[in-house]
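The values are calculated or read from the model by the stated rules, or taken from the named source; none is laboratory data. It should be emphasised that the depicted structure is a prediction, and the values quoted were computed from it without experimental measurement. Ideal geometry is used to build each Cβ from the backbone, glycine not excepted, and the neighbour counts take in all protein chains shown. Remember, those area values only see protein heavy atoms, side chains included, never the ligands or the DNA or RNA. Shrake-Rupley method; radii C 1.70, N 1.55, O 1.52, S 1.80 Å.
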Amino acid sequence: SKDNDDSNVRPPVTSADVRIVQRAREILNSPAKWNRADTRACPAEAKTFSLYCAIEKATVEVTGKFQHRGAAMQEARFVIDEVAPHRGKYEHRLMDYNNDPTTTFADIQKVLELSEERIEERLAGQK
């Protein structure tokens, strides 16, 4: 990876980040919409979404541009660090957790719920 691309950077959160995670939960609101085989390529015409692609799509819808290290995306990575039993083996947290055969749809929803809670807490703390 590029030297300036820190996968643990923690950007300040905004109210847009709360909306991004809420929107990602809507995009992934049923197991039928979940893509279990993420490649981190998110085609515009896709009908199913990985955790990564749901957040990417939500970010673009809410902010008009994609940010690989945006706060919503980063917060989801940190949640995975806490909750994923196999996180030590992951090269790409969002993709590898999404694709882990032990990860359930409920787990994916939980990551988004916890991300939303963390972002709201951080938002309150930044004031």
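With the requirement that a residue be more than 11 Å from the chain's Cα centre (by Cα), among the polar types (S, T, N, Q) and open to solvent by less than 40 Å² (accessible area, probe 1.4 Å), what does segment 93-114 give you? Across segment 93-114, the qualifying residue is only Thr103.
If I filter segment 101-110 for residues that are touching a helix residue (DSSP H, G or I) at 6+ places or on another chain (Cβ under 7 Å), farther than 23 Å from Gln126 by Cβ and among the acidic types (Asp, Glu), do I get at least one hit? The answer is no; no qualifying residue exists. For segment 11-41, taking the residues that are farther than 17 Å from Met73 by Cβ and open to solvent by 40 Å² or more (accessible area, probe 1.4 Å), the one that is farthest from the chain's Cα centre (by Cα) is identified as Ala32. Residues in segment 42-55 that are within 14 Å of the chain's Cα centre (by Cα) and outside any helix (DSSP H, G or I): Cys42, Phe49, Ser50. Within segment 21-34, not a single residue is in a loop (DSSP other than H, G, I, E, B), within 16 Å of Arg118 (Cα to Cα) and among the small types (Gly, Ala, Ser). Summed over segment 42-92, residues that are surrounded by fewer than 19 Cβ atoms within 10 Å (Cβ to Cβ), without any contact (Cβ under 8 Å) to a residue 60 or more places away in the chain and among the basic types (Lys, Arg) total 4.
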